[in-house]
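A short write-up of the structure that comes next.
The values are calculated or read from the model by the stated rules, or taken from the named source; none is laboratory data. Since the structure is predicted, the reported quantities are computational estimates derived from the model, not experimental observations. Positions of Cβ are backbone-derived with ideal geometry, glycine not excepted, and every protein chain shown enters the neighbour counts. Keep in mind that these areas ignore ligands, DNA and RNA; they rest on the heavy atoms of the full protein, side chains included. Shrake-Rupley method; radii C 1.70, N 1.55, O 1.52, S 1.80 Å.
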Amino acid sequence: MTDFDALWEALPEIVDGLGLTIFMWLAGSLLSPVLGLGVAWARRFGPGWVDRPLWAYVEVIRGTPFLVQMFLLYYGGPFIGLDLDPTTAGLLGLTVYGAAYFSEILRGGLIAVPKGHVEAALCVGLDRGQIIRRILLPEMTLLVLPASVNMFVVLLKETAVLSIITVPELTMAVTGFGSANFAFTQSALVLAICYWSLTEITGRVGRGLERRLDRFRIA
Amino acid sequence: MSGEIAITMRNLGKRYGAHEVLRGIDLDVRHGEVTCLIGPSGSGKSTLLRCVAFLEEHDSGIIRIGGAALGFDEGADGARVRLPVGEIARVRRNIGMVFQQFNLWPHMTALGNVAEGLRQVLRLPKREARERAMAHLGRVGLAEKADAYPSQLSGGQQQRVAIARALAMDPKIMLFDEPTSSLDPELTGEVLTVMRDLAAEGMTMLVVTHEIGFAAHVAQHVVFLDQARIALEGRAGEVFRKPWHPRLSQFLETYLDRGASVLLGG
Amino acid sequence: MTWIHVYLLAMGALVTAGLSVVSITVGLGIGILVCAASLAKAAPLRWVARVYVSFFRGVPLLVLLLLIYHLLPQIGIDVPGVVAALVGLTLCTSAYQAETLRGGFVNIAPGLVEAGRMVGLSGAQLLVRIRAPIALRLTLPALVNEAIMILKASSLVSVVGVGDITRTAQNLSSSTYRPIEMFACAGVFYLVLNFVVARGGNGLGRLLGLPRA
Ligand SMILES: Nc1ncnc2c1ncn2[C@@H]1O[C@H](COP(=O)(O)OP(=O)(O)O)[C@@H](O)[C@H]1O
Ligand SMILES: [Mg+2]
């Protein structure tokens, strides 16, 4: 049996792995900006006392490796009654991790919306909710797009780390197949190409989107 | 209507920390008149305008717009009371503001910018908002730019859209804070023309400007602000014809090369 | 958790720091070359640089490490984990640094170079005296950031058996059954190392007269 026959036979598992990788990535990419926006909003507009703990959360997450965070959550969790299966722990970890970065990205975006744009809205008579929905959020989204696309790519790559806590995603599926067949190199190559394609596509979509949004940017 | 008082300020005061930016300002702005506010940089002109728009909250004194107190009123016992948000919004509805930096919303077209208040605040149906917005764009000569985004417009065009946006809400009073100061010289003309037309139609305008020519020819009333106080005010002709006030003549001298020499020569 | 654990983690921190310093430095050297290639006149050079940057930035470091760890022995080079780790980290960071530097060069205000040309500087002089220093000033904060990224990413070398902070914490956690303390302590070590790098970056910035962040 050649390596490629083995690869063929392992295909269903690899496809499952790819599916889980994409699921974890998309779910993480959806949840972490939402949580991050909550954090950014609370730090900017919330009561003063929330700033310090949230600052600590952001700095600790951004200052330590994702792998260490996942070990702490997955192996340490059960000691404090947080006994999660690998996939749940992975998604929780990815979200908490991504949210810290997104909160900083979005906070920067919120601050960068020119004050005058909000004042112009006040003068036209928009109320608080309308200003948030119609001015602040859209303008912020525009400003944070490049950094966010970057972060989506980071999240995709971090999903590979989840294989270490045995989440059966792509890396785990392929390396598992590899070690069973002593075809590690081929499998690692396949793996590299899968991720490379996904990150390249994401980058291109992001750049295309940016070009299309260019007309909204006043130089 | 014309000649009645549109805005009254009595003993208006504003400070940032220890820094007093406005001190005991008493000023009346009449309906149908153009009032120009001139003065050196840092004298408090923008702050005064922003207080009238309630973008800054004054610390003392009272501002009345068409008789109604803005933001703060005196209670029965003479104490200062803050008015409810709804009341502030209602009084502010009388006012339109045009900023030095245009402040068009970059994610909306010219039409979208003008229609925003019509749709969201006045709750007009889409078609009616569109028609009215188009009419206002036409008024500033930009009907054909309705679908352009701010990034696709020149500075002068952006400022004219900003004027249309303010006019669309049908304000009784228009505030302008150095509307031409961030424009290239060849673009200031088109904005000043729109403002001149507006004045000719009888709009009440309070204008901060360094365009002394505009102040001299269009304004009925000129206010010279210096170091947080009104140093001098009066009919435009009087103020410019005999700038006896030492600070004013010093101030005007810096504008001699901007065409003010013509004025001073009579 | 006893002092011996802290001591062992501190030893791991030395390994982490060593790996990071070597890969950042070598990566900067390679990054400069790749950046030069990406700005070269010859299209093939630019193309190679583009693929290089795209590949090493696009593949997760973990996958890269697995690839190197298993690929090199197959072509007859038997590498210890440390070497695989260094190669992986270096390739990864060199791609990021190349891209950062390229951004710096591209964003130099053209007027500054033109002013140099008018003073009579030659092409090489322009590069050495004007463009490179300005690019460095523009990119220093991003390069410091990149150093911190690599410091954290180096935790992945634990999978090829290198005894860095993370690997040590893993070992201690399974021998003591106290994962929370061990990994939290590991996290503190990373925070301390980051702090040192950030401080160093600030100092370097002051030396270059950069405005304070
Ligand atoms: N938000 C603020 N905080 C502190 N000081 C301010 C603020 N806004 C304006 N100032 C100060 O108030 C003074 C008047 O400012 P401004 O009204 O903008 O003057 P002008 O428009 O006449 O140039 C200036 O000295 C300015 O520095
Ligand atoms: Mg001003």
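Note on segment A:3-218: with charges restricted to the Cβ of Lys and Arg (+1) and Asp and Glu (-1), its dipole about the Cα centre is near 1340 debye. Candidate cross-link partners of residue B:45 among the lysines, defined by an alpha-carbon separation under 26 Å and a same-chain spacing of 8 or more, comprise A:115, B:14, B:172, B:242.
When chain C is treated as a Gaussian network with alpha carbon springs shorter than 10 Å, the biggest mean-square fluctuation among C:167, C:137, C:129 belongs to C:129. With Cα atoms defining each centre, segment A:50-74 and segment B:81-132 are spaced 43 Å apart in the structure. By the Stokes-Einstein formula, at 1.567 mPa s and 4 °C, segment B:51-189 with its Kirkwood radius over alpha-carbon pairs has D equal to 80 µm²/s. From the Kirkwood radius over Cα pairs of segment B:35-128, Stokes-Einstein at 10 °C and 1.306 mPa s returns a whole-number translational diffusion coefficient of 101 µm²/s. Look at where the Cα atoms of segment C:170-213 and of segment B:44-77 average out, and the two centres are 52 Å apart. Relative protection proxy for C:18-25, C:87-94, from highest mean packing down: C:87-94, C:18-25 (other beta-carbon atoms within 10 angstrom). For segment B:159-213, the residue among B:164, B:208, B:182 whose Cα projects farthest onto the positive side of the dipole built from Cβ charges is B:164.
Grab the beta carbon distance between residue B:170 and residue A:35, set R0 = 51 Å, and tell me the FRET efficiency rounded to 0.05.
Working: r = 43 Å, r/R0 = 0.84.
The calculated FRET efficiency here is 0.75.
Shape analysis of segment C:4-70 based on the Cα gyration tensor places the equivalent ellipsoid semi-axes at 33, 15, 7 Å, largest first. Annotation for segment B:1-38 versus segment B:152-205: alpha-carbon center distance of 21 Å.
On C-alpha positions alone, give me the angle between the axis of helix A:115-124 and the longest principal axis of chain A, in degrees, nearest 10. It works out to around 60 degrees. In angstrom, the C-alpha Rg and Dmax of segment A:84-194 are 21.1, 70. Applying 1/(1 + (r/R0)^6) with r as the Cβ-Cβ distance of residue B:242 and residue B:15 and R0 = 30 angstrom yields a FRET efficiency of 0.35. Scaling the Cα radius of gyration of the protein assembly as shown by the globular reference 2.2 N^0.38 Å produces a ratio of 1.21. Take the Cα radius of gyration of segment A:51-123 and divide it by 2.2 N^0.38 Å, N being the number of residues; the result is 1.53. Summarised in one figure, the compactness ratio Rg/Rh of chain A, Cα atoms and Kirkwood Rh, is 1.07. A dipole drawn for segment C:89-213 from +1 and -1 charges on Cβ atoms has a positive end, and of C:91, C:175, C:159 the residue lying farthest that way is C:91.
With all pairs of different C-alpha atoms in the average, the Kirkwood value for the hydrodynamic radius of segment B:1-83 is 13.4 Å. When you work out D = kT/(6 pi eta Rh) for segment C:3-207 at 10 °C and 1.306 mPa s, using the Kirkwood radius from C-alpha pairs as Rh and the Stokes-Einstein form, the result is 85 µm²/s. Averaged over peptide C:153-162, the number of partner chain Cβ atoms lying within 10 Å of each residue's Cβ comes to 3.
The per residue volume of the convex hull around the alpha-carbon atoms of chain B is 140 Å³. Spread over its residues, the convex hull of the C-alpha atoms of segment B:115-205 is 99 Å³ per residue. Averaged over the residues of C:48-61, the number of partner chain Cβ atoms lying within 10 Å of the residue Cβ comes to 4. Calculated mean residue ellipticity at 222 nm for chain B: -10500 deg cm²/dmol, from DSSP H runs with n ≥ 4 weighted as -39500 (n - 2.57), summed, divided by the residue count and rounded to 500. With the alpha-carbon atoms of segment A:1-113 aligned to their principal axes, the span from lowest to highest coordinate is 65, 39, 19 Å, starting with the largest.
Helices from chain C with mean Kyte-Doolittle at least 0.0 and a Cα length along the axis of 30 Å or more, per DSSP H: which?
Length and hydropathy pass: C:3-38, C:81-106, C:179-207.
Accessible area ranking (1.4 Å probe, heavy atoms, ligands and nucleic acids excluded), largest first, for A:25, A:49: A:49, A:25. Adding -39500 (n - 2.57) for every DSSP H run of four residues or longer, then dividing by how many residues chain A holds, sets the calculated 222 nm ellipticity at -25500 deg cm²/dmol.
Which of the peptides A:208-215, B:211-218 is most tightly packed, and how do the rest follow, judged by the mean count of other Cβ atoms within 10 Å per residue? Let's see the in-between values first.
Working: A:208-215: 11.9, B:211-218: 20.4.
Final packing ranking: B:211-218, A:208-215.
Return one number: the angle in degrees, 0 to 90 and rounded to the nearest 10, between the long axis of the Cα atoms of helix A:86-112 and the longest principal axis of the Cα atoms of chain A. Helix A:86-112 sits at roughly 30 degrees to that axis.
Select from C:161, C:120, C:31 the residue whose mean-square fluctuation is largest in a Gaussian network model of chain C (Cα-Cα springs shorter than 10 Å). Comparing C:161, C:120, C:31 in a Gaussian network model of chain C, the most mobile one is C:120.
Using only atoms on other chains, find how many Cβ atoms lie within 10 Å of each Cβ of peptide A:138-150 and report the average. Please list the in-between numbers first.
Values: counts 4, 3, 0, 1, 2, 1, 0, 0, 0, 0, 0, 0, 0.
Mean shielding by partner chains, rounded to a whole number: 1.
For chain C, modelled as a GNM whose springs connect Cα atoms under 10 angstrom apart, the maximal fluctuation among C:61, C:86, C:121 occurs at C:121.
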